[in-house]
Amino acid sequence: MSSATQSNTPSITPGLPQLVSGCIERLTTGVRAAAFWAAALLPLVVIAGLATGLAGQHPEALAGALALNAACAVVGHGHAPQR
């Protein structure tokens, strides 16, 4: 007889890859959706800054807002709002 004993406890890890991939998918979907809506609404902030004259006083903020808008447009490009 063998002195090794078999464990009858089930392994916890078989569903782990699916769990991790599901979490990553939800995270990327959320980031893409947030970037989509930020890219859609950020031009309103830029227009308000131009209208109030704040963009003239803080041109670096205007440049940052435009760069952020471009980055959000790239990241959020693949988002399709659900109906």
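Pull out the extension gain between I47 and A71, defined as 0.36 nm times the separation in residues minus the alpha carbon to alpha carbon distance; nm, one decimal.
Numbers: separation 24, 0.36 × 24 = 8.64 nm, distance 1.79 nm.
Length gained, I47 through A71: 6.8 nm.
Can you give the extra length, in nm with one decimal, that the chain gains between L27 and A40 once fully stretched, where that is 0.36 nm per residue apart less the Cα-Cα distance? Could you put the intermediate results ahead of the total?
Details: separation 13, 0.36 × 13 = 4.68 nm, distance 2.00 nm.
Computed gain between L27 and A40 is 2.7 nm.
Every read-out reported here was derived from the displayed coordinates using simple, explicitly stated rules and does not represent laboratory data. What you are looking at is a predicted structure, and each value in this text was computed from that prediction instead of being measured.
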